[in-house]
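Below is one structure; the comments refer to it alone.
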Amino acid sequence: MSAMATATPQGHIEVENFSLSYETIDGLVDAVTNTHIHVKPGEFVSIVGPSGCGKSTFLNAVAGFLKPTTGTITVDGERVSGPSAERGMVFQQYSLFPWKTVRENVEFGLKMRGMPRSQRERAARTLLGLAGLEAFEKHYPEKLSGGMKQRVGIVRALATGPKVLLLDEPFGALDAQTRVIMQQILTNMWQRLKISVLFVTHDIDEAIFLSDRVYCMTARPGSIKAEIPIPLERPRQQSVMMSSEFLALRRGLMSLIREESLKAMGGEINDLGMQGLNIELHGHSLVEVL
Amino acid sequence: MPAAAAVTESMSAPVTAPTAPPSFGAPAGRWYRLNQNRLRATAIGVISLAAFLLVWHLLTTYRVVFFVRFTNVPSPLAVYASFTKAIHDPKFLLHILLSCRRIFIGFSLAAIVGVPLGLIMGRFKLVHEAVFPVAEVLRPIPAIAWVPMAIMLWPTNEQSIVFITFLGSFFPILVNTLHGMSLVDPVLVRAAQCLGARERSIFREVYFPASLPHIFTGLTIGMGVAWVSLIAAEMISGQYGIGYFTWEAYSLVQYADIALGMIAIGVLGLGSSLLIRGAGQLVMPWRAK
Ligand SMILES: Nc1ncnc2c1ncn2[C@@H]1O[C@H](COP(=O)(O)OP(=O)(O)O)[C@@H](O)[C@H]1O
Ligand SMILES: [Mg+2]
C-alpha cells in the first residue's frame with residue numbers, strides 16, 4: 001500500500017494512428033483502424049462500443065499482448081513492446097489462478113518481483129482488507145461469488161503498483177446490484193491510488209458513471225467516433241444517474257452507439273434486414289413485405 | 001455499501017432443512033442427515049459384496065455346470081484357507097514384494113520421464129513435432145507385445161519385466177500430460193504475464209499446476225496399465241512375482257492359489273490407485289470437495 005501511495009502520478013497513455021488486423025483464412029480482417037486516444041496521468045477513461053467492434057483487441061494491444069499493425073502505443077513516452085507489470089489488467093472472465101488461494105493470487109505479482117514471502121503476505125493482507133476480502137484470504141477462487149472474484153482480480157492487478165490499470169468489461173458477467181457495488185469499489189480504489197484507468201465496456205451508464213472521459217467506438221472495423229468529457233462532480237453517488245446532466249450525456253452517447261449497433265448488425269443481417277428494423281409491418285407478415 | 005456487499009455475496013453456508021424433525025439428539029441427528037447418502041452407499045456396498053461371496057460359495061459347493069463349469073473352481077473358504085497359509089509363507093510375500101518393486105520402479109520411471117516430456121512437448125512446438133510421430137507409432141503397441149523384444153533388449157529378466165511395466169504406464173502419462181497442456185487457458189497465461197511473470201515462472205506457476213488434474217488422470221490410468229503389463233510379463237517370463245505365482249498355481253493344479261493370486265492382484269491394483277488418488281488430493285488441495 002505505502003509503495004503505491006507514494007508513487008508520483010504517472011501513466012500517461014498515448015495511442016497514435018493505431019490499427020490492427022487479424023490474419024485469417026479469408027485474408028486480413030481489420031479489427032481496429034486509425035485510432036487515436038490518450039489517457040492523462042490519473043485519469044479514468046472509458047471506451048464504449050457495440051460488441052465485436054474491437055474493444056478487446058485494442059485493450060490487448062495496450063497491454064502488450066498484440067502488436068499493432070500500424071501506429072504506436074506509448075506509456076509515459078516508452079513504447080509498449082510486450083506485457084509488463086507496469087500495466088495491470090483485469091479480465092471479464094476473472095482469470096484468477098484456481099490453484100492459488102485468494103491471498104496467493106494477490107501475492108503473485110509481488111512474488112514475480114522477488115519480494116520475500118513474509119513481506120508480500122503482509123502487503124496482500126492489507127490490500128485484501130481494503131477490498132473487504134480479508135476473511136476470504138485462504139479460500140480458493142472457485143468458492144467465491146462473481147463479485148468477490150472480480151474484487152480479487154482488481155486487487156491482484158493493483159498489488160504491484162502499476163502505472164496503468166486496464167479493464168476489459170470487468171463487470172459484464174455480474175448481476176446489476178453487484179455491478180453497482182463493484183463500480184463504487186473501483187472508483188474508491190482509483191481515487192486513493194490516483195493511477196490511470198482505461199476501462200472498456202458496452203454499458204453506457206457504467207462508462208458515464210465511472211469516467212472522466214468516454215471514447216465512443218464505431219462498429220467494426222473499430223475506430224474512435226467521438227470523445228465525450230464527463231463533467232459530473234466527484235465523488236459521485238448512485239443518485240447522479242437520475243440527474244438531468246447524466247441523462248443528457250446518456251442520450252447523446254446512446255444515439256451514437258445505436259447508430260453503430262445498427263451498422264454492426266446490418267453487416268450480419270444484410271441491408272434489407274437493417275431497413276427492416278425501421279419498417280412498420282401494418283399487419284403484413286415479414287415475408288410479404290420482403 | 002459493505003453491508004450490501006455482504007448480503008449479496010456472502011457465501012451461503014449449507015444449512016440443513018429447518019423442516020426436518022429433531023428426532024435424534026441435535027448433533028447426532030445432523031451428522032446422520034449429512035452423511036445419510038454415504039451411509040447408505042456403504043451399507044449397500046457391504047451387502048452386495050456379501051451377496052457376491054454367497055453366490056460364489058453356492059456355485060462352487062454345488063459344482064454348478066451351466067455353460068461355465070464350476071467343477072474345479074475353489075470355494076471362498078478354500079481360498080481363505082490358502083490365504084491364511086500364504087501370509088505365513090515367506091515365498092508368497094516375496095512374490096508380492098517383487099511385483100510391487102517392479103511396479104514402483106517401472107511406474108516411477110514412466111512418471112519421471114513422461115510428465116516432464118509431456119510438459120516440454122506441450123510448451124515447445126519443435127519438441128512436439130519431433131517426438132509426437134514416434135510416440136504415436138509406438139503407442140498402439142500393447143506392452144505385452146514388447147515381451148520378446150524386451151527379453152532381447154535387456155540382459156536380465158528382471159530388467160525386461162520392469163521395462164514392460166514402464167512402457168505400459170508411459171504412454172497414458174505422456175498423452176494425458178500433453179492433453180492437459182493443450183487445455184491451459186491462455187487468458188491465465190496473459191494474466192501471469194501482465195503481473196510480471198517470465199517464461200520460467202509461467203511454466204512453473206501456470207502451465208504445470210493447470211495441467212496437474214490431467215497429469216493425475218494419466219498417472220491413474222498409467223498405474224492400471226502398469227499392473228496389466230506387469231502381470232502379463234510375469235506370466236510369460238517371470239520366475240517370481242504375483243503374476244508368476246498365479247500362473248504357477250495353475251500348472252501345479254493349486255486351484256485355490258489361482259483365486260488367491262487374482263484377488264491379491266486386484267487388491268494391489270486397488271491399493272496403488274488409491275495411493276495415487278491420495279497423492280492427487282495432497283498436491284491439488286484446490287480441487288478438494
Ligand atoms: N484472433 C482473432 N482472429 C480473427 N479475428 C478476430 C480475432 N479476435 C477477434 N477477432 C475479430 O475482431 C473483431 C473485434 O473483436 P474484439 O476485439 O473481441 O471485439 P469486442 O471486444 O469489442 O467485442 C471481431 O469482429 C472479432 O471477430
Ligand atoms: Mg471484448
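Each reported figure results from applying straightforward, stated rules to the coordinates on display, with no laboratory input. A quick note: this is a predicted structure, and the numbers were derived from the prediction, not measured. FYI the Cβ positions are ideal-geometry reconstructions off the backbone, even for glycines, and counts take in every protein chain you see.
Taken over the range B:247-267, the criterion of being part of a helix (DSSP H, G or I) and over 21 Å from the mean Cα position of the chain (by Cα) is satisfied by B:Trp247, B:Glu248, B:Ala249, B:Tyr250, B:Ser251, B:Tyr255, B:Ala256, B:Asp257, B:Ile258, B:Ala259. Can you confirm whether A:Leu186 is away from ligand 2 (no atom under 16 Å from the Cβ) and under 21 Å from A:Asp76 (Cβ atoms)? In short, no.
Kindly indicate whether A:Phe91 is of a type in the set (Phe, Trp, Tyr), within 16 Å of ligand 2 (Cβ to nearest atom), under 26 Å from A:Lys149 (Cα atoms) and surrounded by fewer than 22 Cβ atoms within 10 Å (Cβ to Cβ). So A:Phe91 fails the test.
Within the range B:186-243, restricting attention to residues that are within 13 Å of chain A (Cβ to nearest Cβ) and not in a helix (DSSP H, G or I), the residue that is surrounded by the fewest Cβ atoms within 10 Å (Cβ to Cβ) is B:Arg198. Taking the criterion of being under 19 Å from B:Val187 (Cβ atoms), within 10 Å of ligand 1 (Cβ to nearest atom) and of a type in the set (A, V, I, L, M, F, W, C), the residues of the range A:17-64 that qualify are A:Leu20, A:Ala31, A:Phe58, A:Leu59, A:Ala61. Taking (1) closer than 25 Å to A:Asp175 by Cα; (2) among the small types (Gly, Ala, Ser); (3) assigned to a loop (DSSP other than H, G, I, E, B) in turn, A:Ala207 satisfies each apart from (3). Scanning the range A:184-194 for residues that are more than 10 Å from chain B (Cβ to nearest Cβ) and either surrounded by fewer than 20 Cβ atoms within 10 Å (Cβ to Cβ) or touching a residue at least 40 places away in the same chain (Cβ under 8 Å) (or both) yields A:Thr187, A:Met189, A:Trp190, A:Gln191, A:Arg192, A:Leu193, A:Lys194. Condition check: more than 16 Å from the chain's Cα centre (by Cα) and away from chain B (no Cβ under 11 Å). Does A:Thr57 satisfy that? Taking the combined requirement at face value, the residue does not satisfy it.
Condition check ((1) more than 27 Å from B:Ile151 (Cα to Cα); (2) touching an Asp or Glu at 6+ places or on another chain (Cβ under 6 Å); (3) not acidic (Asp, Glu)) across all residues:
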residue	(1), (2), (3)
B:His214	yes, no, yes
B:Ala232	no, no, yes
B:Gly241	no, yes, yes
B:Leu268	no, no, yes
B:Ser272	no, no, yes
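The set of residues in the range A:156-183 being of a type in the set (A, V, I, L, M, F, W, C), surrounded by fewer than 20 Cβ atoms within 10 Å (Cβ to Cβ) and within 16 Å of ligand 1 (Cβ to nearest atom) consists of A:Ala173 alone. Selection of first residues in the range A:55-68 that are under 16 Å from A:Asn34 (Cβ atoms) and polar (S, T, N, Q) and of second residues that are more than 8 Å from ligand 1 (Cβ to nearest atom) and outside any helix (DSSP H, G or I), restricted to Cβ pairs under 9 Å at least 6 apart or on distinct chains, gives the following pairs, ordered by first then second residue: A:Thr57/A:Leu20; A:Thr57/A:Leu66. Look at A:Ser51 and say whether it is surrounded by fewer than 20 Cβ atoms within 10 Å (Cβ to Cβ) and either within 29 Å of A:Leu232 (Cβ to Cβ) or away from ligand 2 (no atom under 16 Å from the Cβ) (or both). So A:Ser51 passes the test.
The set of residues from the range A:211-238 being within 14 Å of chain B (Cβ to nearest Cβ) and either over 21 Å from A:Lys194 (Cβ atoms) or within 16 Å of ligand 1 (Cβ to nearest atom) (or both) comprises just one member, A:Gln238. The residue list A:Pro83, A:Pro98 contains one member that is within 14 Å of chain B (Cβ to nearest Cβ), touching a Cys at 6+ places or on another chain (Cβ under 6 Å) and of a type outside the set (D, E, K, R), which is A:Pro83.
Does B:Pro133 satisfy being in a helix (DSSP H, G or I) and either out of contact with any Leu (no Cβ under 8 Å at 6 or more places or on another chain) or farther than 19 Å from B:Val225 by Cα (or both)? Criteria met by B:Pro133.
Only one of these is away from ligand 2 (no atom under 12 Å from the Cβ), closer than 19 Å to A:Ser196 by Cβ and among the aromatic types (Phe, Trp, Tyr): A:Phe58, A:Phe44. Name it.
Being away from ligand 2 (no atom under 12 Å from the Cβ), closer than 19 Å to A:Ser196 by Cβ and among the aromatic types (Phe, Trp, Tyr) holds for just one of A:Phe58, A:Phe44, which is A:Phe44.
Residue-level check: of (1) assigned to a helix (DSSP H, G or I); (2) at the interface with another protein chain (Cβ under 10 Å from one of its Cβ atoms); (3) in contact with a Gly (Cβ under 9 Å, 6 or more places away or on another chain), A:Glu142 misses just (3).
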